[in-house]
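Here the structure comes first, spelled out in structure tokens, and everything after it is commentary.
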Amino acid sequence: MDGDDLGRLIYLGLLGGALLMWALTHNRQSLGKTMQQAAAWVFIFIGVIAVVGLWDDIRSTVGPTPQLTVSDHRIEVPLSFDGHYYLPMLVNGQAVTFLVDTGASQIVLSTQDAERVGIDTDQLNYLGRASTANGVVRTAPVRLDSLALGPITDRNVPASINEGELHQSLLGMEYLHRFSNIQFANGRLILSR
């Protein structure tokens, strides 16, 4: 903190103190009521800050999870509130939600999801490279014992583990090409085999 910052802090402290003293002397007859109202506004202000800061977490927790519609070998998933398609899948028997990414070539698991499905990320060889919007990251090739989407299960599926900061596992074109028909229609992703 330099001298200018200290001067501003002292000025704001004095100004705040003067306003507080004015409010106390002006409302001394109903001081209890004034303090209640001030406390209520402080709590409202703190609540608004908390909601704004945690909005993404609240929205993802409260928001509806993607509901698959399954009929024969046709799967439909609705467009999410953020404009993406998410597919809830089972990887090695564990639930993982994938972001459908037609710009990705492979199935890419985040480090957290890889560990959750039983892959020891400390033992992987990060030999591959992937170009992302955030630059080049190292990847490690793996094979998933099973990958299930609704009634459709694939075995021994190639995938990659991203060593970089990846918040959502990605479902790339390598997996989507396993379907005979891929459609985006009326806010729904339709996959058919």
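Cβ under 14 Å from Leu90's Cβ, Leu90 left aside: what net charge do those residues give with Lys, Arg +1 and Asp, Glu -1?
Computed value for this residue: -1.
Here, P(r) means the percent of Cα pairs in each 10 Å bin from 0 to the largest distance; for the range 3-60 it is 20, 27, 30, 20, 4.
Arrange Val108, Val91 by Cβ neighbour counts within 10 Å, fewest through most, would you? Could the numbers behind the result be given before it?
Numbers: Val108 27, Val91 24.
Final ranking by Cβ density, sparse to dense: Val91, Val108.
Would you look at the GNM of the chain, springs on alpha carbons closer than 10 Å, and say which of Ala39, Ala104, Ala18 moves the most? Looking only at Ala39, Ala104, Ala18, the largest GNM fluctuation is found for Ala18. For Ser105, nonlocal amide neighbours, meaning residues 5 or more places apart or on other chains whose placed amide H falls under 5 Å from its own, are Met173.
What net charge is computed for the residues neighbouring Gly118, neighbours being all others with C-beta under 14 Å from the C-beta of Gly118, Lys and Arg scored +1, Asp and Glu -1? Display every interim value, and only then the final one.
Values: positive: Arg116, Arg143; negative: Asp113, Glu115, Asp120, Asp122, Asp145.
Neighbour charge sum, excluding Gly118 itself: -3.
Percentage of Cα-Cα pair distances in the chain greater than 27 Å, rounded to whole percent?
Working: 9469 of 18528 pairs.
When all Cα pairs of the chain are counted, 51 percent exceed 27 Å.
3J(HN,Hα) couplings calculated from phi for the range 166-178 with the Karplus curve 6.51 cos²θ - 1.76 cosθ + 1.60 (θ = phi - 60°) are, in sequence order, 10, 8, 9, 5, 10, 10, x, 5, 4, 7, 4, 5, 6 Hz; Gly and Pro show x.
Amide hydrogen proximity for Leu144: with H placed 1.01 Å from N in the peptide plane, the residues at 5 or more positions away or on another chain lying under 5 Å are Val157, Ala159.
So which helices of the chain fit the span-like rule, where a helix is a whole DSSP H run, its Cα atoms reach 30 Å or more along the axis, and its mean Kyte-Doolittle is at least 0.5?
Numbers: long enough: 3-26 (34 Å, 0.87); 31-53 (33 Å, 1.53).
The qualifying helices are 3-26, 31-53.
Its relative contact order, with pairs defined as Cα atoms under 8 Å and 6+ residues apart, puts the chain at 21 percent. For the chain, the dipole from Cβ point charges (+1 on Lys and Arg, -1 on Asp and Glu) about the Cα centre works out to 540 debye, to the nearest 20. Within the listed set Gln123, Gln168, Gln94, the residue fluctuating most in the Gaussian network model of the chain (springs between alpha-carbon atoms under 10 angstrom) is Gln123.
Counting other C-beta atoms within 10 Å, and keeping those with at most 13, which DSSP coil GluC sites (Glu not before Pro) do you find in the range 100-193?
In loop regions of the range 100-193 (DSSP not H, G, I, E or B), the sparsely surrounded GluC sites (Glu not before Pro) are Glu165.
When the helices of the chain are scored as -39500 (n - 2.57) per DSSP H run of n ≥ 4 and the total is divided over every residue, the value at 222 nm lands at -10500 deg cm²/dmol. Pick out, in residue order, every one of the chymotrypsin sites (Phe, Trp or Tyr not before Pro) in the range 59-153 that is DSSP loop and has at most 12 other C-beta atoms within 10 Å; say none if there are none. Loop-located and lightly packed - Phe81. The string of couplings for the range 70-77 from the Karplus curve (6.51, -1.76, 1.60, θ = phi - 60°) is 10, 9, 6, 10, 10, 10, 10, 9 Hz, one whole number per residue in order, with x for Gly and Pro. Residue-wise HN-Hα couplings along the range 90-102, as the Karplus relation 6.51 cos²θ - 1.76 cosθ + 1.60 with θ = phi - 60° gives them from phi, are 10, 10, 6, x, 10, 6, 9, 9, 9, 8, 6, 10, 6 Hz; Gly and Pro carry x.
If each residue's Cβ is checked for other Cβ atoms within 10 Å, how do Asp82, Asp4, Asp101 rank with the fewest at the top?
Numbers: Asp82 11, Asp4 8, Asp101 19.
Least crowded to most crowded, the residues run Asp4, Asp82, Asp101.
Values quoted throughout were computed directly from the atomic coordinates according to the rules given, and no laboratory measurement underlies them. Because the structure is a prediction, the values reported are computed rather than measured. Cβ sites come from the backbone with ideal geometry, for glycine too, and all protein chains shown count toward neighbours.
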